[in-house]
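Structure first, commentary second.
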Amino acid sequence: MMIGGAGMLLAASPAQAADISYKTECVPPAISGLPAVQGTTQVQLTAPAEAKVGDTVEVVWKTVQAASSNPDVLDLDKDTVKPTGTIKLGGAATGDLKLEGPRQNPAIPKKSPMILPDMKGSLKLEKAGELTLTPDAYAINVSKPISTDTKCTPKETVRPGATIKVTDGGTGTTTGGTTTGGSTDGGTTSGGTTSGGTTSGGSTTTGGTTAGGDTGGSTSGGTTSGSTASGGTTTGGSGGATDFPGKEVAVDFACKSPGPASIASKVTINAKKSGGGYGLTVKTAKGVMDSPAALPAGALKPSMQIVIGGADKGSVTVTGPGNPAPLETGKPVDLPDMTGTYKPGASGSSTLTPGALTIDVTLGGAKINIPCTVTGSPKASLTLDTTAQEGGVSGASGGGSTGSGGAAAAGGTASGGGLAATGADDHGALRALGLVAGTAILLGGAVFTFTPWRRLRAGR
């Protein structure tokens with residue numbers, strides 16, 4: 001049985017329609033901050049009662065009742081909602097029939113029932129017998145204020161909503177179903193970011209980017225693939241060296257809502273000597289996380305506290321630019337390199353260890369701040385022989401939290417603002433995102449639930 005785009009659509013016998021209800025869980029973009037909703041979906045399927053092998057028939061999915069109403073956050077404009085769905089084929093065929101509806105809806109006020117247009121798909125019949133059609137998962141795309149998707153899946157066994165009696169009249173075997181509905185119009189933007197290329201094993205210009213610019217060859221970003229200096233230890237100024245590559249270390253983080261419960265990544269701290277100080281470039285593993293939503297370029301920015309230990313004490317903040325290209329929901333994201341300047345406050349052997357990570361997501365005037373603190377005791381990525389400078393980290397005003405060896409201070413909370421300013425719990429993140437120029441901008445506001453971001457990937 002194949003779903004075909006060719007051939008005439010036939011209603012070989014009077015159409016049949018039946019209402020099917022099933023328990024459903026709907027999951028909106030994680031960035032929405034809404035709790036999960038368990039609801040009931042009611043679907044009416046329309047298909048011909050009889051047809052012949054070789055016919056192409058049309059199946060219509062009418063959503064009588066969606067699993068939830070539009071939440072009390074955002075009024076949805078006219079013609080901003082587009083559904084897509086899947087029907088499971090059984091009996092005379094197996095596979096999935098993909099259906100798609102137009103972006104067509106009346107204005108839907110807050111706290112009102114979701115009104116979805118009918119979805120349609122065409123099916124080419126290739127084997128005689130009784131063919132059952134069972135409604136399955138569906139998704140809802142909302143195009144404004146930005147394109148977001150909510151995915152709804154059955155939470156119980158669903159009974160067939162229609163049966164087609166297919167009589168003999170052609171040949172062919174069951175080949176499964178493929179979609180003619182196409183991809184969701186106006187869905188998430190394509191692309192994913194990469195923070196640059198990859199440095200090759202331990203070149204002297206590893207992490208050449210400094211807070212004030214590059215001198216002498218530089219790497220283009222990405223991850224260091226071969227820096228294996230023992231403990232990342234270097235001797236500042238030895239032989240006139242200016243580039244000091246760190247070693248890659250594993251770091252575990254615990255994050256606050258609306259971020260994931262925990263994340264894991266690999267971090268490399270590189271330094272470039274400039275006068276008495278150092279320009280720092282901090283790299284994370286490639287594809288460290290999946291994008292929580294479709295985001296425009298520049299919307300997601302990382303920052304990190306680098307904990308100074310050993311002879312020197314304190315911390316240094318490094319920051320990264322926004323994502324250079326739009327991000328697609330669920331696609332891997334490379335965090336851009338983060339840079340900053342370290343001015344030693346003490347002479348001796350000083351260690352640099354990854355500390356608290358912060359991910360900021362900004363849309364218009366709204367901002368979500370996701371603070372992630374270090375768990376455990378990560379190893380130092382880099383050790384430098386430092387010479388105290390006036391106004392250096394140790395004892396300097398605004399030098400950051402003080403800690404020894406990096407582990408204790410590494411667990412400190414990252415840069416403030418964000419959720420704390422909302423004065424709320426998990427839903428505070430939603431409200432922080434919710435008002436832009438006086439208008440609620442809930443990402444996925446037409447849809448129903450919250451799921452955590454996927455765990456950051458430990459590998460490259």
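Exactly one residue out of Thr163, Thr150 is at pLDDT below 95, hydroxyl-bearing (Ser, Thr, Tyr), part of a strand (DSSP E or B) and more than 18 Å from Cys26 (Cα to Cα): that is Thr163.
Here's the yes/no breakdown for (1) open to solvent by less than 10 Å² (accessible area, probe 1.4 Å); (2) more than 22 Å from Gly340 (Cβ to Cβ); (3) hydroxyl-bearing (Ser, Thr, Tyr):
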residue: Pro245; (1), (2), (3): no, no, no
residue: Glu248; (1), (2), (3): no, no, no
residue: Cys255; (1), (2), (3): no, no, no
residue: Ile269; (1), (2), (3): yes, no, no
residue: Gly275; (1), (2), (3): no, no, no
residue: Thr281; (1), (2), (3): yes, no, yes
residue: Gly298; (1), (2), (3): no, no, no
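Looking only at residues in the stretch 319-348 that are free of Cβ contacts under 8 Å to residues at least 60 places away in the same chain and assigned to a strand (DSSP E or B), the one that is nearest to Ile269 (Cα to Cα) is Met338. Does the stretch 145-166 contain at least one residue that is on the phi > 0 side of the Ramachandran plot and touching a strand residue (DSSP E or B) at 6+ places or on another chain (Cβ under 8 Å)? So far as the stretch 145-166 goes, no, none of its residues is on the phi > 0 side of the Ramachandran plot and touching a strand residue (DSSP E or B) at 6+ places or on another chain (Cβ under 8 Å). Scanning the stretch 98-118 for residues that are closer than 13 Å to Val43 by Cβ and more than 27 Å from the chain's Cα centre (by Cα) returns a single hit, Asp118. Report yes if some residue within the stretch 317-339 is open to solvent by less than 10 Å² (accessible area, probe 1.4 Å) and more than 21 Å from Asn369 (Cα to Cα); otherwise report no. No - not one qualifying residue is present in the stretch 317-339. Considered as a group, the residues in the stretch 131-166 that are surrounded by fewer than 19 Cβ atoms within 10 Å (Cβ to Cβ) and touching a Lys or Arg at 6+ places or on another chain (Cβ under 6 Å) include one that is nearest to Thr63 (Cα to Cα), and that residue is Asp136.
When residues in the stretch 234-287 are screened for being in a loop (DSSP other than H, G, I, E, B), modelled with pLDDT under 85 and under 30 Å from the mean Cα position of the chain (by Cα), 9 of them pass.
Quickly run through the stretch 97-116 and pick out the residues that are part of a strand (DSSP E or B) and either of a type in the set (S, T, N, Q) or within 11 Å of Asn70 (Cβ to Cβ) (or both). Even if it seems obvious, please write down each step before you answer.
In the first step, residues of the stretch 97-116 are kept if they are part of a strand (DSSP E or B); the result is 97-100, 108, 113.
Selection gives Ile108, Pro113.
Determine, yes or no, whether Lys120 is outside any loop (DSSP other than H, G, I, E, B), open to solvent by 40 Å² or more (accessible area, probe 1.4 Å) and within 16 Å of Trp61 (Cβ to Cβ). Judged against the criteria, Lys120 is a match.
Could you list all residues from the stretch 50-63 that are over 19 Å from Gly101 (Cα atoms) and either open to solvent by 40 Å² or more (accessible area, probe 1.4 Å) or touching a Cys at 6+ places or on another chain (Cβ under 9 Å) (or both)? Glu50, Lys52, Gly54, listed by residue number. When the residues of the stretch 85-98 are filtered to those that are in contact with a Lys or Arg (Cβ under 7 Å, 6 or more places away or on another chain) and of a type outside the set (Gly, Ala, Ser), the one that is surrounded by the fewest Cβ atoms within 10 Å (Cβ to Cβ) is Asp96.
Determine which member of the set Thr132, Thr157, Thr86 is more than 28 Å from Ala299 (Cβ to Cβ), part of a strand (DSSP E or B), over 25 Å from the mean Cα position of the chain (by Cα) and at pLDDT 90 or above. Just one listed residue meets the conditions, Thr132.
The values are calculated or read from the model by the stated rules, or taken from the named source; none is laboratory data. Quantities reported herein were computed from a predicted structural model and do not represent experimental measurements. Glycine also receives a Cβ, built like all others from the backbone with ideal geometry; neighbour counts cover every protein chain displayed. Just so you know, the surface numbers come from the protein's heavy atoms only, side chains and all, with ligands and any DNA or RNA stripped out. Shrake-Rupley method; radii C 1.70, N 1.55, O 1.52, S 1.80 Å.
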